[in-house]
Amino acid sequence: MFDLTATAHYLPQLLAGLFTTLWVSLTAIALGLVMGWAVCLGLMSERRWLRMFCAVYVSFFRGTPLLVQLVLVFYALPSIGISLPPLAAAIVALTLNSGAFQGEILRSGFQLLPYGQTEAARDLGLSRWQALIYIKTPQVLKAMLPALVNETIDIIKNSSLISAVAVHELMRTAQTLASTTYRPIEFFIVTGLLYLALTMATGRVGNWLEARLKIA
Amino acid sequence: MIGIGLFDEYGGSILAGICVTLKMSIGGIALGMVLGLVLQSLYKPDNKPFAFLYQLYLNVFRGTPLLLQLFLVFYGGPYIGIEWTAETVGLIGLGLYGAAYFAEIFRAGRESIPQGQLEAARDLGLTGTQVFRVVLWPQMMARCVPAVVGQTIILLKESSVLSIITVAELTNVAMTIAVQSYSMLEPYTILALTYWAIAIVLAGIGSRAERHFKNYLQR
Amino acid sequence: MRPLYSLLTPLLVGTLVSFAAVEAKADLLSDIKGRGEIVVATEARYAPFEMIEDGKIVGYGKDLLDAIMLDLPGVKLKQLDVPFQGILPGLSSKRFDFVATSLTITKARAESFAFTLPFSTASVAVLKRKGDARINSAEDLIGMVVGSQAGAPQIDVLKEYERTVLQPTKNSGVKEIKAFMDYNEAYAALASRRVDAVVQSLPNLAPLIKERGDVFEIVQPPFGPPTYYAWAGRKDADSASLVKFFSDGIAKLNASGELAKLQRKWFGFEMPLPTDAVPAPIN
């Protein structure tokens, strides 16, 4: 009965799904990092309204399920005139979601920096922006790398929901194959192994980066 | 106003959905915490086979999507004699998944307590249970609370995935309302606001608990 | 900041102008011809009407759609595979121009959407595990767990049957109705004994039996009222010409015998269909 080789024939389809999962997740993570950095600056801003706005944004996207956010981005935005194609909608929703989490991660990183550093940088004649970009941000990224790697793994896993907005990724492919071949155990195990390979590889890359940055 | 009419017609089923969501997440989270506590207490770095199994459990449950784990048990289970209802699959699935996270949180909490303290407590003549109850547990909780609250909110949100295996929780209800009312905007806005409200309440409880347990950390 | 503004301003103005242009045009069909693309929603989890094979949407409905699209030269078909729960809400929120997925013509839907002519019967039958001696007619569903799809009219047909036949004569009903995301999951649940039966339209079941006759069995005859599958557009004036275009396309293929050919290809049999008007919807 149980026969993993039955999935071999469908491996190319699963790998194609894996590829979509991978590139959508990585795009969302990269954009989410930029977004998170901006949000983090907003959270630390001296302007009250900006702080409030960013806090509400972070609270909403961390406090509601991704599935709901995906559906709202895909179906609700057209009613205010923004109609995104499926892939774009998936990436936008994942980016907004990850931006909130990364923003919070980066903020806790900035809080760890000793205050004297800013002053020292200013004394050296660096502008505020220069101090932020050349001195503080690199340290924060380095310190927060483990948390950012975990967030990447979360986004890879969460991308299993984007078929709700008509994107064919690994999970959707597995679902189709499992239900049309009546071999759910085999297909879900193979798919689990593919996800596991992806997330563990991400962890490894994270460890490698961490080790390299330690030397630098 | 958005959704007022919707509440008239579907208020009952929305409330029922909220109840199922709370029931499933509270049950799943409680199960996850107990399992996580057991897992971390069994973990000893020198016991190689168990450390390996512990790591394997963590990698499998934290490295694959919850949806996939649920599908495997829900559709695959009956082929090997596991014929649980969707609710049971959801509850146990959420518990096993959560346990992998809680175990790590508790382990970090325990390891942050200096070993010398425990030895000192034993030297003072406290029994094993007393050491756990008076020394270990309060300090562990104090250090774990923020992460535990964070994880609780994450699991509450993840329980929305149970909608896909036919559990009639809040997201499932919203999906059905969307089909019947031909509108995504209102049911999903209500959905988002409800989860958001629950998350904010949980975060509030969390910071209270944090303050409560902080007393133990004060010198 | 200057260069940024100088970039943004034309962009903003352009967007506003294009919005204005959309507002000015009141006919969706000519709008589609103008932009050279039509966005169609399909739930590709509904064999043999629409399903995924090797990553592409195929099926009876897809063949039909492609044949009709030949009359719109120069227009690119953008067919999205959307979960069923998003199909009609997405149509009404203008997420899609048109829905090309098999929809049972029901009264509630007909009040909000404009149906094309039907292209298939949709009468509902019971599917059971092969050799399950407990179920030999729709009446045997009493006390059983029945699977279907969330929001599917087949559930309404079953509930109506329960109300009008089972309750009065047997004073009893089904034990529970389980609503799945899509029918493939309901079939999988039937195979893995999660449900006792599935209620589904007959044309969907024929090919399922052809492929998995070792697992499933149809309980004949169908129960409930005769029903039909059609596509749908929005009911507003803008969409009227588009719905008529697809309706005419179906009528044309029916007259030429092409439809019957496609039916033999996908179902293995032909079916008589009303060709003069959209049939009366079921409750």
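Does region B:178-186 contain at least one residue that is outside any helix (DSSP H, G or I), at the interface with another protein chain (Cβ under 7 Å from one of its Cβ atoms) and not hydrophobic (A, V, I, L, M, F, W, C)? Let's see the steps before the verdict.
The initial filter retains those residues of region B:178-186 that are outside any helix (DSSP H, G or I), namely B:182-184.
Those still in the list that are at the interface with another protein chain (Cβ under 7 Å from one of its Cβ atoms) too: B:182-184.
With the extra rule that they be not hydrophobic (A, V, I, L, M, F, W, C), the set shrinks to B:182-183.
Checked region B:178-186: at least one residue is outside any helix (DSSP H, G or I), at the interface with another protein chain (Cβ under 7 Å from one of its Cβ atoms) and not hydrophobic (A, V, I, L, M, F, W, C).
Residue under question is B:Val34, and the condition is that it be at pLDDT 90 or above, among the β-branched types (Val, Ile, Thr) and surrounded by fewer than 19 Cβ atoms within 10 Å (Cβ to Cβ); does it hold?
For B:Val34, the condition - at pLDDT 90 or above, among the β-branched types (Val, Ile, Thr) and surrounded by fewer than 19 Cβ atoms within 10 Å (Cβ to Cβ) - is met.
So B:Cys144 ticks every box in (1) under 17 Å from the mean Cα position of the chain (by Cα); (2) under 30 Å from B:Arg211 (Cβ atoms); (3) crowded, with 19+ Cβ neighbours inside 10 Å; (4) in contact (Cβ under 8 Å) with a residue 40 or more places away in the chain but one. Which box is left unticked?
(4)
Mind checking which pairs have a first residue in region C:134-146 that is basic (Lys, Arg) and a second that is open to solvent by less than 40 Å² (accessible area, probe 1.4 Å), Cβ under 8 Å, 6 or more apart or different chains?
From region C:134-146, the pairs are C:Arg134/C:Met144; C:Arg134/C:Asp196.
Hey, can you tell me all the residues within region A:128-161 that are open to solvent by less than 50 Å² (accessible area, probe 1.4 Å) and over 18 Å from the mean Cα position of the chain (by Cα)?
A:Ala131, A:Leu132, A:Lys136, A:Thr137
Taking B:Tyr101 as the residue in question, decide whether it is at negative phi, within 11 Å of another protein chain (Cβ to nearest Cβ), open to solvent by 10 Å² or more (accessible area, probe 1.4 Å) and in contact (Cβ under 8 Å) with a residue 12 or more places away in the chain.
So B:Tyr101 fits the description; yes.
Is there a residue being closer than 30 Å to A:Ala166 by Cα and of a type outside the set (Ser, Thr, Tyr) anywhere in region C:161-168?
no
Here are some residues: A:Leu87, A:Leu66, A:Leu70. Which one is within 16 Å of the chain's Cα centre (by Cα), over 29 Å from A:Leu132 (Cα atoms) and open to solvent by 40 Å² or more (accessible area, probe 1.4 Å)?
Values: A:Leu66 fails: open to solvent by 40 Å² or more (accessible area, probe 1.4 Å); A:Leu70 fails: open to solvent by 40 Å² or more (accessible area, probe 1.4 Å).
Result: A:Leu87 is the single residue among A:Leu87, A:Leu66, A:Leu70 that is within 16 Å of the chain's Cα centre (by Cα), over 29 Å from A:Leu132 (Cα atoms) and open to solvent by 40 Å² or more (accessible area, probe 1.4 Å).
Any idea which residue in region C:148-184 is farthest from the other protein chains (Cβ to nearest Cβ), counting only those that are of a type in the set (Asp, Glu) and open to solvent by 10 Å² or more (accessible area, probe 1.4 Å)?
C:Glu162
With the checklist (1) more than 10 Å from every other protein chain (Cβ to nearest Cβ); (2) open to solvent by less than 10 Å² (accessible area, probe 1.4 Å) in hand, flag the one item A:Ala30 doesn't pass.
It is condition (2) that A:Ala30 fails.
I'm told B:Leu72 meets every condition in (1) buried (at least 21 other Cβ atoms within 10 Å of the Cβ); (2) touching a Leu at 6+ places or on another chain (Cβ under 7 Å); (3) of a type outside the set (S, T, N, Q) except one. Can you identify the failing condition by its number?
(2) is the only condition that B:Leu72 fails.
Mind checking whether some residue in region C:212-225 is under 25 Å from C:Ala150 (Cβ atoms), open to solvent by 30 Å² or more (accessible area, probe 1.4 Å) and assigned to a helix (DSSP H, G or I)?
yes
Among the residues of region A:46-67, are any more than 23 Å from A:Asn150 (Cα to Cα), more than 12 Å from every other protein chain (Cβ to nearest Cβ) and in a loop (DSSP other than H, G, I, E, B)?
Yes, region A:46-67 contains a residue that is more than 23 Å from A:Asn150 (Cα to Cα), more than 12 Å from every other protein chain (Cβ to nearest Cβ) and in a loop (DSSP other than H, G, I, E, B).
The values are calculated or read from the model by the stated rules, or taken from the named source; none is laboratory data. It should be emphasised that the depicted structure is a prediction, and the values quoted were computed from it without experimental measurement. Ideal geometry is used to build each Cβ from the backbone, glycine not excepted, and the neighbour counts take in all protein chains shown. Just so you know, the surface numbers come from the protein's heavy atoms only, side chains and all, with ligands and any DNA or RNA stripped out. Shrake-Rupley method; radii C 1.70, N 1.55, O 1.52, S 1.80 Å.
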